[in-house]
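The values are calculated or read from the model by the stated rules, or taken from the named source; none is laboratory data. If you're wondering where the values come from, they're calculated on a predicted model, not measured in any experiment. Every residue, glycine among them, receives a Cβ derived from its backbone with ideal geometry; neighbour counts consider all protein chains shown.
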Amino acid sequence: MKICIVGDYLSRYRERIQTLFPTDEVIWAHTAEDDIARDALEDLDVFVGPVFTPEMAQRARRLRLVQVPGAGTDGIAIDALPPSALCANVYRHESSVAEYVLGAAIALRRRFQDQDRNLRQDIWDTATYDPSVAYGRTLLSAEVGFVGYGHIGAATWTLLEAVGVRGGRAVSRSGESAEGRVSSLKWLGTQSDIDRLFDESDLVVVSAPLSAETTGLIGAEQFDLLGEDGIIINVGRAGLIQEEPLFNALQSGTIAGAAVDVWYSYPEDGSGRPSSYPFKDLTNILMTPHSAALTDETYSARLDDIAINIERSRMGLDPINLVTS
């Protein structure tokens with residue numbers, strides 16, 4: 001088989017991949033636009049990468065499998081694929097993302113960022129020295145709301161429960177969860193219940209998929225309901241939360257803080273502003289560069305699933321995590 005792997009996600013596992021597919025021709029490319037990737041299309045069997053355009057599909061008439069190395073398939077022109085080709089994605093990031101949410105929630109509720117910044121200026125930002133400073137809050141007292149309750153939501157709730165959190169509720173598009181773990185939630189509703197969720201929660205975790213229905217789902221009204229002690233953590237897609245209302249809510253103190261791992265603009269070369277608003281000037285936000293899932297555990301496990309799907313394609317079987325639209 002001829003396999004083309006695009007992107008740097010799996011390049012550090014090159015030796016392992018060569019061991020997995022010793023008799024196959026494996027081609028590596030930095031982007032799908034590279035000549036080596038384009039030249040391979042006409043007799044390609046498997047494409048592994050985050051982007052596959054209609055133009056690429058026109059040339060890849062022998063293709064059997066488009067394997068996305070992550071969960072998002074918005075870069076794949078699924079409807080344009082040749083009849084012989086199937087598309088699959090992989091998950092395995094939920095544990096890493098859940099760990100990110102746990103760490104971010106603790107840091108924000110305990111004000112670790114403020115204390116770190118102030119102590120670097122010799123200011124002891126604690127009620128021991130300044131009675132006006134509020135005590136931090138543990139997660140045990142948190143009322144948690146999940147916007148989206150799939151792989152990430154369920155894994156995060158499992159982890160939060162393990163440290164003693166008891167107040168959880170969630171909304172999803174269908175009002176159901178394919179991942180289970182709903183019996184210990186206070187309730188699971190649909191997106192029409194989002195105002196109730198924000199009103200009852202002081203920690204909201206956003207991990208819903210981005211769609212026409214969910215774009216701009218969260219805005220000023222929801223931040224008002226979350227309140228001045230509330231924290232929001234976005235590990236889904238930036239477009240789920242309206243950009244200007246998020247900035248305004250943080251700047252004005254309408255909500256206490258946020259952790260944002262997914263952004264409104266992305267650079268091509270690793271340098272660039274993540275938003276047109278100056279989030280970097282705010283002290284109550286934890287900003288990370290879409291790194292919540294970037295652990296060795298995530299990508300090692302994803303490689304296992306990708307290898308299984310390539311073998312299933314070789315045998316003429318449907319891949320696991322088949323994506324049809």
Worksheet item: From the list 176, 213, 228, 221, which residue is of a type in the set (Asp, Glu), over 21 Å from the mean Cα position of the chain (by Cα) and part of a loop (DSSP other than H, G, I, E, B)?
Response: 228
Response to the item:
In region 165-194, anything surrounded by 15 or more Cβ atoms within 10 Å (Cβ to Cβ), farther than 16 Å from residue 211 by Cβ and modelled with pLDDT under 90 is listed as 177, 179, 181, 182
Worksheet, complete the sentence: The condition from (1) under 21 Å from residue 284 (Cα atoms); (2) in a loop (DSSP other than H, G, I, E, B); (3) of a type outside the set (Gly, Ala, Ser) that residue 115 misses is numbered (2)
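So that you can scan it fast, the table gives a plain yes or no per residue for (1) within 30 Å of residue 258 (Cα to Cα); (2) free of Cβ contacts under 8 Å to residues at least 24 places away in the same chain; (3) under 17 Å from the mean Cα position of the chain (by Cα):
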{"position": "9", "(1), (2), (3)": "yes, no, yes"}
{"position": "16", "(1), (2), (3)": "no, no, no"}
{"position": "38", "(1), (2), (3)": "no, yes, no"}
{"position": "77", "(1), (2), (3)": "no, no, no"}
{"position": "92", "(1), (2), (3)": "yes, no, yes"}
{"position": "118", "(1), (2), (3)": "yes, yes, no"}
Discussion item. I need the full set of residues from region 269-320 which are closer than 20 Å to residue 95 by Cβ, within 21 Å of the chain's Cα centre (by Cα) and not in a loop (DSSP other than H, G, I, E, B), in order please.
Written reply: 286, 296, 297, 298, 299, 300, 301, 302, 303, 304, 305, 306
Worksheet item: Here are some residues: 26, 97, 90. Which one is in contact with a strand residue (DSSP E or B) (Cβ under 6 Å, 6 or more places away or on another chain) and among the β-branched types (Val, Ile, Thr)?
Response: 26
Item to complete: Pick out the one residue from 276, 265, 252 that is surrounded by fewer than 13 Cβ atoms within 10 Å (Cβ to Cβ) and touching a residue at least 12 places away in the same chain (Cβ under 8 Å).
Response: 276
Discussion item. Please go through (1) modelled with pLDDT under 95; (2) closer than 28 Å to residue 255 by Cα for residue 105 and return the number of the only condition it doesn't satisfy.
Written reply: (1)
Worksheet item: Applying the selection to region 20-38, what residues are among the small types (Gly, Ala, Ser) and outside any strand (DSSP E or B)?
Response: 32, 37
